[in-house]
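Undergrad: Here it is, the structure in full.
The values are calculated or read from the model by the stated rules, or taken from the named source; none is laboratory data. All values reported here derive from a predicted model rather than from experimental measurement. Reconstructed Cβ throughout: ideal geometry from the backbone, glycine too, with neighbour counts over all protein chains shown.
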Amino acid sequence: MVDSINKVVDVVVIGAGAAGLMCAITAGYRGRRVLVLDHANKPGKKILMSGGGRCNFTHLHSTPANYLSANPHFCISALKRYTPYHFTEWVERHGIEYHEKTPGQLFCTESSKAILNMLLTECEWAGVDIRLKCSIESVQAIHAKQSARTGFKLSTSMGVVQCESLVIASGGLSIPTMGASPFGYKIAEQFGLNVLPTRAGLAPFTLQPDDLARLSPLSGVSCPVEVKLNCHAFKEPMLFTHRGLSGPAMLQISSFWLPGQNLHIDLLPDTDVLAELKEWRQQSPNKRVESYLTTKLPKRLAQTLVEWHQWDITFQQCSNQRLNEITQALKNWKIKPNGTEGYRTAEVTLGGVDTDCLSSKTMAVKDQPNLFFIGEVVDVTGHLGGHNFQWAWASGFAAGNEA
Ligand code: FDA
């Protein structure tokens, strides 16, 4: 039997993801009648798959500098009013065990399910009604009787719903198999808002055919690197995959990368490679360059570099120029990716609803105060490390206090 929802509520939230659930809970506790609609068969699918199944739910040192947006100031107000400590305190109250992985990054110790269960429990306590497998067919602005404020009428696969406030929390385009859709951008356009071009962020790189042939046998090898592009630099692990390059360093820099650009990779950050090579030449002239490399890098990577650059020589065979060349290759490996894996595997979508159209305090559309956009659908994208969920919580909380 098809569930029917012909009714009038105060707030409809479209999207039962991180931002939508947070908004629904906040509005529900204010006494608002809240209905959450999602076309997926389960709520919070991305929460479940996040952080490798352990949900990196926030970053203790999240600041506006950790976000990309055409207006870098937009996120300040919401992030200030709902901090990582607010969310962590909630997690603690629910008795969820968590740990700090790399400094600031908080992960569930057991499973991401704990975070989703917490949000769903709070939804229940706040009286929020969640309906899944519900397609939104149309959204219309209406003028409610005896009120100057505009409301909304939604035609859905489960019936017609009327509401005073409408919150769009339908996320971005990444991982279409998890329910991602351009719904939010289309609604924004329908209501005359500007939508900035979107592209995949926090996505692994694919490589040009020659590089791929050389590097794909290294699939599974990981090492700490520093990757640079223009003025951006990330010192984190890099992972070779059978398609190209991934790992936190590559995911981070991918959000800044444009087709045709070179990445500059330092395979031995914090190491004065030239000084060490000179020392090896002096102390161990009969040793091979590969011996040095295997003390510094995973063995398979060291062997690949030796073959690729023809470094199968001893230190006494190395001129100063050769040592400089080796240093350059290790400290400033220039590589031009073929592309990224795109939305299929990207963690986030860059771009989206132009923040110029929204109030930074409430996430409401400036000239349509009952319409809200929150979470990933908005042109605010975090670095890797829990910043994206922090934006979902903070923007959801901001809208939930107003909707
Ligand atoms: P989100 O995408 O979560 O939710 C949108 C909801 O809207 C979905 O439930 C969807 O089904 C629904 N929807 C879409 N279109 C609809 C339509 N037409 N009709 C009805 N409903 C519709 N971040 C982080 O901080 N720490 C982490 O550990 C990770 N890890 C991670 C791993 C992977 C694999 C991915 C893909 C992403 C992450 N992220 C992350 C990013 C994080 O998941 C993301 O930023 C938030 O989920 C965004 O929350 P939203 O609520 O805005 O969208």
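Undergrad: Based on what the data block shows, is LEU193 in contact with a Leu (Cβ under 6 Å, 6 or more places away or on another chain) and either within 30 Å of GLN252 (Cα to Cα) or buried (at least 20 other Cβ atoms within 10 Å of the Cβ) (or both)? Give the derivation first.
TA: Numbers: in contact with a Leu (Cβ under 6 Å, 6 or more places away or on another chain): no; either within 30 Å of GLN252 (Cα to Cα) or buried (at least 20 other Cβ atoms within 10 Å of the Cβ) (or both): yes.
When the stated conditions are applied, LEU193 does not pass them.
Undergrad: Another one. Please name all residue pairs, on different chains or six or more residues apart, with Cβ atoms under 9 Å, provided the first residue is in the stretch 11-39 and is without any contact (Cβ under 8 Å) to a residue 40 or more places away in the chain and the second residue is more than 14 Å from the ligand (Cβ to nearest atom) and not acidic (Asp, Glu).
TA: GLY31/GLY127
Undergrad: Take the residues in the stretch 100-124 that are under 18 Å from the mean Cα position of the chain (by Cα) and assigned to a helix (DSSP H, G or I), then tell me which one is surrounded by the fewest Cβ atoms within 10 Å (Cβ to Cβ).
TA: Residue satisfying both the conditions and the ranking: LEU116.
Undergrad: May I ask you to list the residues in the stretch 206-238 that are within 23 Å of the chain's Cα centre (by Cα), in contact (Cβ under 8 Å) with a residue 24 or more places away in the chain and part of a loop (DSSP other than H, G, I, E, B)?
TA: LEU207, ASN230 - these are the residues of the stretch 206-238 that are within 23 Å of the chain's Cα centre (by Cα), in contact (Cβ under 8 Å) with a residue 24 or more places away in the chain and part of a loop (DSSP other than H, G, I, E, B).
Undergrad: Same structure, new question: Could you give every pair whose Cβ atoms fall below 7 Å, whose first residue belongs to the stretch 241-265 and is touching a residue at least 40 places away in the same chain (Cβ under 8 Å), and whose second residue is among the small types (Gly, Ala, Ser) and surrounded by 24 or more Cβ atoms within 10 Å (Cβ to Cβ), counting only separations of at least 6 or pairs across chains?
TA: Close Cβ pairs satisfying both conditions: LEU251/ALA203; SER254/GLY201; SER254/ALA203; SER255/GLY201.
Undergrad: Moving to a separate point now. Has the stretch 104-124 got at least one residue that is touching a residue at least 40 places away in the same chain (Cβ under 8 Å), touching a Phe, Trp or Tyr at 6+ places or on another chain (Cβ under 6 Å) and at positive phi?
TA: no
Undergrad: Moving to a separate point now. Mind listing just one residue for me: the one in the stretch 31-66 that is farther than 30 Å from ASN6 by Cα, hydrophobic (A, V, I, L, M, F, W, C) and in a helix (DSSP H, G or I) and, of those, nearest to the ligand (Cβ to nearest atom)?
TA: Going through the stretch 31-66, the residues farther than 30 Å from ASN6 by Cα turn out to be 48-66.
Next cut, hydrophobic (A, V, I, L, M, F, W, C) only: 48-49, 55, 57, 60, 65.
Next cut, in a helix (DSSP H, G or I) only: 48-49, 65.
Numbers: LEU48: 10, MET49: 5, ALA65: 16 Å.
The selected residue is MET49.
Undergrad: Return the residues of the stretch 12-30 that are part of a helix (DSSP H, G or I) and within 6 Å of the ligand (Cβ to nearest atom); say none if nothing qualifies. Step through it out loud before you land on a result.
TA: Going through the stretch 12-30, the residues part of a helix (DSSP H, G or I) turn out to be 18-29.
If the condition is that a residue be part of a helix (DSSP H, G or I) and within 6 Å of the ligand (Cβ to nearest atom), then ALA18, ALA19, GLY20 are the ones that fit.
Undergrad: Test SER111 against the stated conditions and say whether it is at pLDDT 95 or above, farther than 27 Å from LEU350 by Cβ, more than 8 Å from the ligand (Cβ to nearest atom) and of a type in the set (S, T, N, Q).
TA: Values: at pLDDT 95 or above: yes; farther than 27 Å from LEU350 by Cβ: yes; more than 8 Å from the ligand (Cβ to nearest atom): yes; of a type in the set (S, T, N, Q): yes.
Taking the combined requirement at face value, the residue satisfies it.
Here's the yes/no breakdown for (1) in the same structural domain as ILE142 (by TED's automatic domain parsing); (2) crowded, with 24+ Cβ neighbours inside 10 Å:
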{"site": "ASN320", "(1), (2)": "no, no"}
{"site": "SER360", "(1), (2)": "yes, no"}
{"site": "MET363", "(1), (2)": "yes, yes"}
{"site": "VAL377", "(1), (2)": "yes, yes"}
{"site": "GLY386", "(1), (2)": "yes, yes"}
